[in-house]
1. Name the aspartates and glutamates eligible as straight-distance cross-link partners of Lys207: C-alpha to C-alpha under 16 Å, and not fewer than 8 places from it in the same chain.
2. Whole Å is fine, so just give me how far the alpha carbon centre of the range 105-169 lies from that of the range 284-318.
3. Could you give the dipole magnitude of the chain about its Cα centre, charging the beta-carbon of Lys and Arg +1 and that of Asp and Glu -1, in debye to the nearest 20?
4. For the range 43-199, what does the equivalent ellipsoid look like in terms of its semi-axes, each the square root of 5 times an eigenvalue of the Cα gyration tensor, given largest first in whole Å?
5. Any idea what angle helix 178-189 forms with the longest principal axis of the chain, computed on alpha-carbon atoms, 0 to 90 degrees, nearest 10?
6. Report the net charge of residues surrounding Trp196, where surrounding means a beta-carbon distance below 11 angstrom and charges are Lys +1, Arg +1, Asp -1, Glu -1.
7. Under the 0.36 nm per residue contour assumption, what length would be gained going from the current alpha-carbon distance of Asp191 and Thr289 to full extension?
8. How large is log10 of I(q)/I(0) for the range 87-174 at q = 0.16, 0.17, 0.20 Å⁻¹ when the intensity is taken from the Debye formula with one equal scatterer per alpha-carbon?
Amino acid sequence: MKKALATVLAISMALSMGACSTSNSGGNSAGSQTNQNSQAAKADFPVRSLQNIIPFSAGGGTDVWNRALMNQMSKVLGQTIVSTNMTGGSAGSIGVDYAWKAKHDGYTLCGTSETPLTIPIMTTSDQTSKDWKFFIAAGSPGVLCVNRKSKYKSMDEILNALKDKPQSVSIAGTTGGLWFALAKLFDSYGDVPFKWVPYNGSGDAIKGSVSYEADCVCASAGEVKEFVRSGDLIPIAVMDNDDWNFPEFGTVKAVSSYVPALKQYLPLKQFLGFMVPADTDSAVVDVLTDAFDEAMKSDEIKKFADEQLCTLYGLTGDEASKMAADTESKLCWDLYNMGQAKFSPEKYNIPKP
């Protein structure tokens, strides 16, 4: 009898321990499953080639930087990354919209600069910087250049012409972004309005100015450097509050030294890189982050940055999000206050700078 009772007690204890074990593991089942799924996503990504949508034309800063980055990242990921230019829409909205509507699985990346941050106030799209995760590689100073055949040889000559006859001098650029905002500062606060000539990217805008479709172009130093070296373009002002030494050319004076009213609205800095939707699996984002970090450490990217007259940023995560949000705030509110936006940033909860 005692033996039978002991057996029953042993079985009961075993069942109880099993139940406790099941209960304890069940309490963490959701978290464990999520972690397992995330780890599985990281282990399985990428298993095929990736697509990188570049929402601007070939030859501009976004284009050349994305191609350089993707070349290095593909070596780390062990998969091909196919870069495709998809132009059109204000601030590159067509390419950005395509990337947004693709699966948020990390296989479709979207090349970016600061320009697409203005899409919500310029179009009917409602994605803001909070809807994306950014990988910010670098940036280059903005410069205002004139065509070598232009009758205007200095910033003073251009300002005098614009004061005598507004919009008598044309300037090329991409509508809705940084260079657009900088050009419109002349109109709104400098009282010297240029005639705006829009293009689907800085590359096309620069070519337009070189072929004399426009007197001037506002773009990054990295984007115009070859045309400055060849003598086709002449930098006459850096779009900042401090003078800047243009390698192989010399000192370029700050635009605010010519138009002091612009000083309080500067600097507005360029950034170049790519982004993915913010709800992309965190493990996939981790893989992309690791590949981006490795690419940024490479000698090839460091050399490329020097060639493009760029400052390296190498920002991801919270740092990249903060830079994007701060730039978004400044750009969107500046454009809205100048009367250049279709919608108020307040509609999209974009805080004032």
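The values are calculated or read from the model by the stated rules, or taken from the named source; none is laboratory data. Remember, predicted model here, so these are calculated numbers, not experimental data. Cβ: placed from backbone, ideal geometry, glycine included. Neighbour counts: every protein chain shown. These area figures cover heavy atoms from the full protein model, side chains too; ligands, DNA and RNA do not enter into them. Shrake-Rupley method; radii C 1.70, N 1.55, O 1.52, S 1.80 Å.
1. List returned: Asp63, Asp215, Glu223, Glu226, Asp232.
2. Cα centroid of the range 105-169 versus Cα centroid of the range 284-318: 22 Å apart.
3. Once rounded to the nearest 20, the dipole reads 540 debye.
4. Sorted largest first and rounded, they come to 37, 17, 11 Å.
5. 50 degrees
6. +1
7. Gain in length upon complete extension: 30.8 nm.
8. Ignoring solvent entirely, the Cα scatterers give -0.79, -0.83, -0.96.
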